[in-house]
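The values are calculated or read from the model by the stated rules, or taken from the named source; none is laboratory data. None of the values given here were measured: they were computed from a predicted structure. Virtual Cβ from ideal backbone geometry, glycine too; neighbours counted across all protein chains shown.
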Protein chains: 2
Amino acid sequence: MRFTCAKADLIQAVGTVARAASKMQKTILECILFTCDDGVVTLRATDIAISIKTEMTAQVEEKGKAAIPSKVLHEMISRFPESDVTFESIGENAVKISCMNAQVDLQQMNADEFPSFPEIDRKTQIKIQQKLLKSMINQTIFAVAVMEEKPILTGLLFDIGKDSLTVVALDGYRMAVRKETVISDVSESCVIPSRTMREVSRIISDTEENIKFCVSGNMALFEANNTQIYTRLLEGDFVNYRNLLPKECATNIRVETEMLRDSIERASILARETNNVIKFIIEDKVLEVTSNSEMGKLDEKIPVISEGNNLKIAFNSKYVLDVLKAVDENEVDMRFNTAVSPCVVRNEGSDKFEYLILPVQMRD
Amino acid sequence: MRFTCAKADLIQAVGTVARAASKMQKTILECILFTCDDGVVTLRATDIAISIKTEMTAQVEEKGKAAIPSKVLHEMISRFPESDVTFESIGENAVKISCMNAQVDLQQMNADEFPSFPEIDRKTQIKIQQKLLKSMINQTIFAVAVMEEKPILTGLLFDIGKDSLTVVALDGYRMAVRKETVISDVSESCVIPSRTMREVSRIISDTEENIKFCVSGNMALFEANNTQIYTRLLEGDFVNYRNLLPKECATNIRVETEMLRDSIERASILARETNNVIKFIIEDKVLEVTSNSEMGKLDEKIPVISEGNNLKIAFNSKYVLDVLKAVDENEVDMRFNTAVSPCVVRNEGSDKFEYLILPVQMRD
């Protein structure tokens, strides 16, 4: 194997696949498999749960393949000067990598041991703008369960209807539901590990170009920009999220997102000593945010548009802040029923996003 | 006490003194003492080892003082909107702080318990440009001892001669010596805790304005921009650094700083598995940098101007990198004697800086 490519292309391609490689050292799964063909080099990495493949253009002088440990390769090329980089196999066990006066021989492993890559039936697919999918991931993924007591809740539900995609995450204390119109001719639902979705969000670009998503059996594929990300799906039944959203609403307020977020951030400094508990008092077109600890007390009044009953309700400030940081609307609607029933945060007049947050019990 | 000031001035003043406050909660030393006089508020913080005092302008409506816990205050005002901030004592135990709709009552402690601030005889003083002192600190402080076996080596030696200041740090494996011309009419030497010097470097600005430095008894004072930093000195005898610098030189090379630094950074990726050992081979106007581990091997040739004997010598890559990252010259001179005697890194043709690095024993 011998090829030469631009350092920038190499960094981009290695950076794309490297995080699928396993962290287990001295195994073939810690490697990136390079395969050279006419004018193109394919890079693959997999830890079985997630598999990423991408391509870069290169001057290929000798076809072949090599499996190079991912971590040391990535670090080394990041330190290379900005110039062309040449890879050349030296016997069975090493690859010489050179870039101007930088020159290093890295050990390679047996490329034939690299596991075969997943295949997937691409009949069932949806298309969505990359930047839109990126925002759907980032606006929901914070609500996935971290503990693995219910493994299915560590993933994101992709609920695909005719021309719509709904992404859902929930962890038992709060839920994030994000809906968009997409190009789809199927109805299907599947649960994708949150780790895969973080990689997808990282790899896809902030453009209007489409990304394709296919699901088949226990596998799914994301495909964009010469890159494929294959993932196993989580197995089991996801919670029926539609039933969790309350139909009733006894109190409804509309509030400026940033103003509320800033108040809660201040309140949460004092609330750290009291399990992050902050209180809302809704009365007379004012939302009063309060927190209280040995360090002091905070009491801020925020003007709101309001309908319905007065209410006192307490929350874990982290859950409210996560939502207010995720949304990109200037104003949000907040719907309440009682001090012990969930609050729903929505964008005004649509169901583009709906966040559900459970309150905490008030101590006084 | 009641005063109003701009948020930016408040953040600046609190940020300047806050890091002198103790991290021990529920003690007066965790507080910043605010003292209000006509048109000016003085802020003080101390943990006894280091004491910082600064001033800010304010509209003072009621003179007085208050001791407010530093950490919660700093966090809270950082979250305030960009506007004027008003402080107002509420009885003995709290201060109301408000800024537009942000409003918080913080507990205050008994200001009378705040320790009295150090006084220092200012007769003996030197003056030096702030940005110059900053660079002298940053170009030496990395070499102070971290372990406290010899407490005196955890500080920076200030060796003041007639119109010169030499700053020295050493930890038993390497030494940094940095010399500049200053305005001085004394000869004096003292050792300042590295923690103080980090605060001084952080607080002083990158300007040509002078900072004053006074030393008297077991105390020193840095004074600039309405701010005073008092520090205790470390007691004991510092090593006679002049005796450590070798007089002889059997091999002398001049090398491009950045080219050598980049090579060593690559070499050190492989050297991590072998206690960071890298090797220099100097021969025929070439400096060869090599490293070797199970992951692979690196062998890079760097053109140098050289005089004297050929040499093979090994180093801990971290110590060489620390020096090459600290210096701001395009080229450095490196002087060697044997494979077991120290290397000196100097700027060409002057003694502005001299770094001494001990080699490690070669294994082959």
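Quick notes on this structure:
- Where strands (runs of 3 or more DSSP E) sit wholly within the range A:255-310, those with at least 1 residues that are touching a residue at least 40 places away in the same chain (Cβ under 8 Å) and touching a Lys or Arg at 6+ places or on another chain (Cβ under 8 Å) occupy A:277-283, A:305-308.
- Candidate set from the range B:317-364 (those that are of a type in the set (D, E, K, R) and in a strand (DSSP E or B)); member that is nearest to B:Glu258 (Cα to Cα): B:Glu331
- The listed residues are A:Thr35, A:Thr57, A:Thr42, A:Thr86, and the only one of them that is within 25 Å of A:Ile192 (Cβ to Cβ) and not assigned by TED's automatic domain parsing to the domain that holds A:Glu223 turns out to be A:Thr42.
- Pair list, Cβ under 7 Å, 6 or more apart: the range B:133-148 residue free of Cβ contacts under 8 Å to residues at least 24 places away in the same chain, other residue surrounded by 18 or more Cβ atoms within 10 Å (Cβ to Cβ): B:Glu148/B:Thr154
- Conditions (1) touching a helix residue (DSSP H, G or I) at 6+ places or on another chain (Cβ under 9 Å); (2) over 26 Å from B:Asp9 (Cβ atoms): number failed by B:Val200: (2)
- Once the range B:230-254 is narrowed to residues that are among the basic types (Lys, Arg) and free of Cβ contacts under 8 Å to residues at least 40 places away in the same chain, the residue that is nearest to B:Glu283 (Cα to Cα) is B:Lys247.
- Of all residues in the range B:292-317, those satisfying the criterion of being within 14 Å of chain A (Cβ to nearest Cβ) and within 18 Å of B:Arg254 (Cβ to Cβ) are B:Glu300, B:Lys301, B:Ile302, B:Pro303, B:Val304.
- Test result for A:Lys71, surrounded by fewer than 19 Cβ atoms within 10 Å (Cβ to Cβ), at pLDDT 95 or above, touching a Phe, Trp or Tyr at 6+ places or on another chain (Cβ under 7 Å) and among the basic types (Lys, Arg): no
- Checking each residue in the range A:43-93 for being of a type in the set (D, E, K, R), closer than 18 Å to B:Leu270 by Cβ and free of Cβ contacts under 8 Å to residues at least 24 places away in the same chain picks out A:Glu75, A:Arg79.
- Residue within the range A:107-115 that is more than 33 Å from the chain's Cα centre (by Cα) and either in a helix (DSSP H, G or I) or within 13 Å of chain B (Cβ to nearest Cβ) (or both) present: yes
- The numbered conditions (1) surrounded by fewer than 20 Cβ atoms within 10 Å (Cβ to Cβ); (2) over 27 Å from B:Glu223 (Cα atoms); (3) within 13 Å of another protein chain (Cβ to nearest Cβ); (4) not β-branched (Val, Ile, Thr) are all true for B:Glu88 except (3).
- Lone unmet requirement of (1) at pLDDT 95 or above; (2) buried (at least 19 other Cβ atoms within 10 Å of the Cβ) for A:Arg254: (2)
- The requirement of being modelled with pLDDT under 95 and within 14 Å of chain A (Cβ to nearest Cβ) is not satisfied by B:Gln125.
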